[in-house]
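Peer 1: There's a structure below that I have some questions on.
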Amino acid sequence: MVEEELIKAGNIEVSREYIFYRRKRNEERYRKTKLAQIGRDIIYTSDPNLIYENANLNGESFAGKMSKFGSEFSKWYSNLFLLPERIRKAFNNGDIHIHDFDYFSVGAHNCTFVPIEKLLARGFSTGNGSVRTPNSASTAMDLTAIIFQSQQNSQFGGVASATLDWDLAPYVNKTFAKKFKKSIEYFSLGDITINDNELKISNMKLKEQYPDWYYFAFKETIDDVYQGAESFIHNLNTMSSRAGGQIPFTSINYGTCTSMEGRIIINALLSATMAGLGNKETPLFPIQIFKIKEGVNKNPGDPNYDLYLKALECFSKRMYPNFLNLDASYNKKFYIEGNPDTEVASMGCRTRIMSDRHGWKGVSGRGNLSFTTINLPRVGIKHGICLSGKLDEEGFFKELEEDANICVEAMMERFKWQSIQKAKFSDFMMREGVWRNGETLKPDDSVGELLKHGTLSVGFIGLAECLTALYGKHHGEDRDIWDKGYKIIKFLREFYDRKSNEHDMNITLFSTPAEGISGKFTHMDRNIYGKIPGVTDKEYYTNSFHIPTQFVITAFEKINKEAPFHELCNAGPITTIELEGNVRENLKGIKKIVDYAMNSEVSYFAMNHNIDRCTKCGYEGIIGETCPNCGIKETPGIFKRIRRITGYLGEFDTRFNPAKKSEVKDRIKHSV
C-alpha cells in the first residue's frame, strides 16, 4: 500500500528506498528466527547436539548438511502446520518426544522386516532396472545388500532380515550345482548324466559316488559363499542411501537354520565379520543378531551348537552378534512349527514386531510405523520428594496417564497422515511387495489398509531418574523401589493394551533407545527445575528401564533386575552388560553370562567391551593414551574407538553427541 501511494504521488525514488528498507527489515527479522539460527549451526557445524543427533549420519559432510537443512525445515513446517495444539504443546514443552519428526510431514513410516526370500525368488526392480533371480549364493548376498539400500529410501528407520540364514540357504545349492557341473567338465571323465535334483551339497550319496568331484564343488561353494558374505558386509558399510548422507541402517537375524546350506551361510557370515573390513577394522553394520533356541543351538549336542560357540568368538572380536532368546515364554508362544518367519526377530536398536490383531502371522513384510517417548523423569520431578519433600503418587499416575494418552493421540494423528499416502510415494516398498501385499496396490491407491498391520509404539526414558525424583532412590538400590518401578512400567503396558483395543491398532510399549533425546530432555528439565542430585545432575537420562550406567552392580544382578521388564516392553527391550578385561581370552566367561541371560527370560541381550584400533599399526584391543604395539601417542583421529551407542556400534570420538559421550564415559564395568 505505501509503495503504491508513493508511486502515484510521483515519488519513485522514495518508493524504491522504502522497498529496499522493508526488505532489509525483513532480512533482519529472518536472521533472528530460530530456523535461521539452525541454518547457521548446520553450515558452521557449531551445535554438536544438532550435527551428531544421529551417529549413523555424517552431519559435517556436504550430503549430511543438505540432509539436515531439509530435516530441520520439515520439523518446522510440521510443528507449525500439521500438529494439533495439544500435541504441539506437549512436544515443544518436552513432556513427550515425537521421534523422526522430520519425516512426519511426508508420511513415511519407521522400519521394516524385508521379505528377502520373496524378493530373491522372483527378482525385483529398483526403478531404474530389473534384477533376475540369483543363481549363486554370492550373487544372492550382493542383491540382498541392494534390496536393503533400495528399501532404506522408502522409510526413515531400519531395514532388517528376520531369517537371513533360511532366506539364503537355497542359493548355496545353486552354487554347488554349478560348481559340480564345472568339476565334471574339468575332470573330463566321460559323459555323466546326473539329475539336477540330486545336485545338492547335502547329498551324501553324491559324495560317495563321486568324491573328487564333490570335494571340488564343495570347496568352491564354501569359497563362493564366504566371498559373498565378505562382499555383503563390505557393501553394507560402504553403500550410501538417502542422497549419500548415511549408510543403510541394517540388521540381520540368523542362527536357527540347521540344514547344511543354512549352516554354511551362518558360518560364512561369522567368519567374514571376524575378518573385518578392508583394513581389518570392525564392521559397524549390519547389526547382527544370533537367535538362541533350545534343541537348535543352545546346548551341547544341538545341531548348531558349534555355531553358537563361533558366535561368541565373533562377539569377542567385533561386539556382534547380539543374542535373541527364542525360548522366552512371551516369545515362543508366537512360533508356528516349520515357519521360521514366526520366530521372534529384532532390528535396529531393539525393535520387536510380533502379534498382529488384524491376523497377519510372521514378521517379514511388516514393521513399526512410528514411536513417541514419554519424559518419565519430568513426571517424577513434579510429583516426587526431590523438590518439595512431599510425595504425590496419585498425582503422578494421573499425569503419567495424561502424557501416555497424548502419545497415542500423536501417533494416531501421524497414522492418519501416513494412511492417506499413495503407494507410488514409497516407490520400491509397495511396488515390489516389501510391505506385505504392497504389489497388489495401484500407484494411486492409499496404503492405510496395509500399514495397519504394523505397530505404533510408545516408549519411555529415565525410569531410574524418575524413581529417584519420586522416592530418593532408583530401582537398582532398593527392592521396594524396584517394585514401584515395575508398577509404573506395568501401568503403561496395561494402558497401551487398552488403547490397542480402543483404536483397533497394534499399540505397543517400547524401551526407548534414547540416542538424541537423552540429553535434550535432561537439559530442558535442568533449565526448569535446576540441578537435582541423581536426576538432572548428569548430561543424560538413563536408557528406558536400565539400571544407571554409573551404578556398581554385578552382571548377574543387573540381568536379574532388568529381565522382568522385557516381557512388559512388547515393542522391544534390550539389556546390556559392560565387560571388563581382555574379552577375547575369556570365551567361557562370555558364554556363562549369555546363558544366564537366556535362562533369565531376557529377550534381547548385548554386551559391551572396548574395541580400539590404532590406524598407524593396525593394533586392535584396549588402547589408552598410547598404542601398546607401536607406541604412538594419541592425536585426533589416530585411534578409532568403537562403542555401542544404543543397540548399534559407532565411532565414539567422531559420531557420538555430547550426551552419549558423557554416558559412555560413566559406564562402569559389571563383574561376574
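Peer 1: Against the longest principal axis of the chain, how steep is helix 555-568, in degrees 0 to 90 to the nearest 10, with axes from Cα atoms?
Peer 2: Compared with the principal axis, the helix lies near 80 degrees.
Peer 1: Any cysteines in the chain with zero other Cys Cβ atoms under 4.7 Å from their Cβ? List them, or say none.
Peer 2: So, C111, C257, C314, C349, C386, C407, C466, C569.
Peer 1: Name the residues whose placed amide hydrogens come within less than 5 Å of the amide hydrogen of I577, ignoring near sequence neighbours (fewer than 5 apart) on the same chain.
Peer 2: The answer is A606, M607, N608.
Peer 1: Also: Relative to the Cα centre, what is the charge dipole magnitude of the chain, using +1 at the beta carbon of each Lys and Arg, -1 at the beta carbon of each Asp and Glu, and rounding to the nearest 20 debye?
Peer 2: 780 debye
Peer 1: Averaged per residue, what accessible area in Å² does the chain show with a 1.4 Å probe, protein chains only?
Peer 2: Heavy-atom SASA per residue in the chain reads 42 Å².
Peer 1: Which trypsin sites (Lys or Arg not before Pro) in the stretch 478-556 sit in a loop by DSSP (not H, G, I, E or B) and have at most 14 other Cβ atoms within 10 Å of their own Cβ?
Peer 2: For trypsin sites (Lys or Arg not before Pro) across the stretch 478-556 that sit outside H, G, I, E and B with at most 14 neighbouring Cβ atoms in 10 Å, the list reads K531.
Peer 1: Quick check: Cα centre of the stretch 603-618 to Cα centre of the stretch 534-559, how many Å?
Peer 2: 21 Å
Peer 1: Over all Cα pairs of the chain, how is the pair count split among 10 Å bins, expressed in % and running from 0 up to the last occupied bin?
Peer 2: 3, 14, 24, 25, 17, 8, 4, 2, 1, 0, 0
Peer 1: Using amide H atoms built in the peptide plane, which far-off residues or other-chain residues are under 5 Å from I507 H to H?
Peer 2: Under 5 Å from the amide H of I507: L456, S500.
Peer 1: In whole Å, what are the Cα extents of the stretch 276-346 along the three principal axes, biggest one first?
Peer 2: Taking max minus min along each principal axis of the Cα atoms, the stretch 276-346 gives 43, 26, 18 Å.
Peer 1: Now a separate question. With all protein chains present, calculate the accessible area of Y77 using a 1.4 Å probe and round the result to the nearest 10 Å².
Peer 2: Near enough 100 Å² of accessible area.
Peer 1: Students often get this wrong: which residues of the stretch 453-484 have the backbone nitrogen under 19 Å from the point 7 angstrom along Cα-to-C-beta of K390?
Peer 2: Answer for the stretch 453-484: 469-472.
Peer 1: Taking amide hydrogens as modeled 1.01 Å from N in the peptide plane, which residues meet the under 5 Å criterion relative to S251, leaving out close sequence neighbours?
Peer 2: Those lying under 5 Å, H to H, from S251 are V159, A160, S161, I287, G348.
Peer 1: Between Y305 and Q37, what is the spin-label point distance in nm, taking each point 7 Å from the Cα along the Cα→C-beta axis?
Peer 2: Simple spin-label model gives 6.3 nm for this pair.
Peer 1: Carbon and sulfur atoms: what percent of the 1.4 Å accessible area of the stretch 251-372 do they account for?
Peer 2: Carbon with sulfur: 48 percent of the solvent-accessible area.
Peer 1: Right, something else. Rounded, prolate or oblate: which fits the stretch 568-619 when a ≥ b ≥ c are the square roots of the eigenvalues of the alpha-carbon gyration tensor, with rounded for a/c under 1.5 and prolate only if a/b beats b/c?
Peer 2: The shape class here is oblate.
Peer 1: Given 10 Å bins starting at zero, what is the percent of C-alpha pairs of the stretch 259-301 in each, up to the one with the largest pair distance?
Peer 2: Pair shares across the bins are 23, 45, 26, 6.
Peer 1: So if we plug the beta-carbon distance of L277 and I638 into 1/(1 + (r/R0)^6) with R0 = 22 Å, what FRET efficiency do we get, rounded to 0.05?
Peer 2: For R0 = 22 Å, the calculated efficiency reads 0.75.
Peer 1: Tabulate in residue order the Karplus-calculated ³J(HN,Hα) for the stretch 235-240, using 6.51 cos²θ - 1.76 cosθ + 1.60 with θ = phi - 60°, rounded to whole Hz; enter x for Gly and Pro.
Peer 2: 4, 6, 10, 10, 6, 9
Peer 1: Mind checking the alpha-carbon convex hull of the stretch 533-646 and giving the volume per residue in Å³?
Peer 2: Each residue corresponds to 140 Å³ of Cα convex hull volume.
Peer 1: Can you tell me the order of 596-604, 506-514, 635-643 when each peptide is scored by its average per-residue count of other Cβ atoms within 10 angstrom, highest first?
Peer 2: Those peptides, ordered most packed to least, come out 506-514, 596-604, 635-643.
Peer 1: Right, next: Considering only protein heavy atoms, with the full assembly of protein chains and a 1.4 angstrom probe, order H670, H234 by accessible area, largest first.
Peer 2: Putting H670, H234 in descending order of accessible area: H234, H670.
Peer 1: Still on this structure, please answer the following. Any idea what the relative contact order of the chain is, in percent, if you count C-alpha pairs under 8 Å spaced at least 6 apart?
Peer 2: 13 percent
Peer 1: Still on this structure, please answer the following. Carbon and sulfur atoms: what percent of the 1.4 Å accessible area of the stretch 427-544 do they account for?
Peer 2: Taking all protein chains in place, the stretch 427-544 shows 47 percent carbon and sulfur surface.
Peer 1: Further question on the same structure: What spacing in nm lies between the two simple spin-label points modelled at N629 and D480, each 7 Å away from Cα in the Cβ direction?
Peer 2: 5.4 nm
Peer 1: Let me ask another. Mind checking which lysines have their C-alpha under 21 Å from K75, skipping anything on the same chain fewer than 8 residues away?
Peer 2: Once the sequence-local lysines are set aside, what remains near K75 is K32, K34, K65, K89, K416, K520.
Peer 1: Also: Can you compute 3J(HN,Hα) from phi for each residue in the stretch 320-330, using the Karplus curve 6.51 cos²θ - 1.76 cosθ + 1.60 with θ = phi - 60°, rounded to whole Hz and x for Gly and Pro?
Peer 2: 10, x, 7, 10, 10, 9, 6, 8, 4, 4, 7
Peer 1: While we're here: Could you work out the Rg to Rh ratio of the stretch 472-571, with Rh taken as the Kirkwood radius (inverse of the mean 1/r over all Cα pairs)?
Peer 2: 1.00
Peer 1: Let me ask something additional. From the C-alpha coordinates alone, can you work out the Kirkwood hydrodynamic radius of the stretch 70-141, in Å?
Peer 2: 15.6 Å
Peer 1: Dividing the Cα convex hull volume of the stretch 373-504 by residue count, how many Å³ per residue is that?
Peer 2: Value for the stretch 373-504: 118 Å³ per residue.
Peer 1: Taking only the alpha-carbon positions of the stretch 195-327 and ignoring solvent, what does the Debye formula give for the base-10 log of I(q)/I(0) at q = 0.14, 0.19, 0.20 Å⁻¹?
Peer 2: For the stretch 195-327, the Cα-only Debye profile gives -0.72, -1.09, -1.14.
Peer 1: As a test of the formula, what do you get for the chain when each DSSP H run with n ≥ 4 contributes -39,500 (n - 2.57) and the sum is divided by the residue count, at 222 nm and rounded to the nearest 500 deg cm²/dmol?
Peer 2: -14500 deg cm²/dmol
The values are calculated or read from the model by the stated rules, or taken from the named source; none is laboratory data. Keep in mind the model is a prediction, meaning the values are calculated, not measured. Note that each Cβ is placed from the backbone with ideal geometry, even for glycine, and that neighbours are counted across all protein chains shown. Keep in mind that these areas ignore ligands, DNA and RNA; they rest on the heavy atoms of the full protein, side chains included. Shrake-Rupley method; radii C 1.70, N 1.55, O 1.52, S 1.80 Å.
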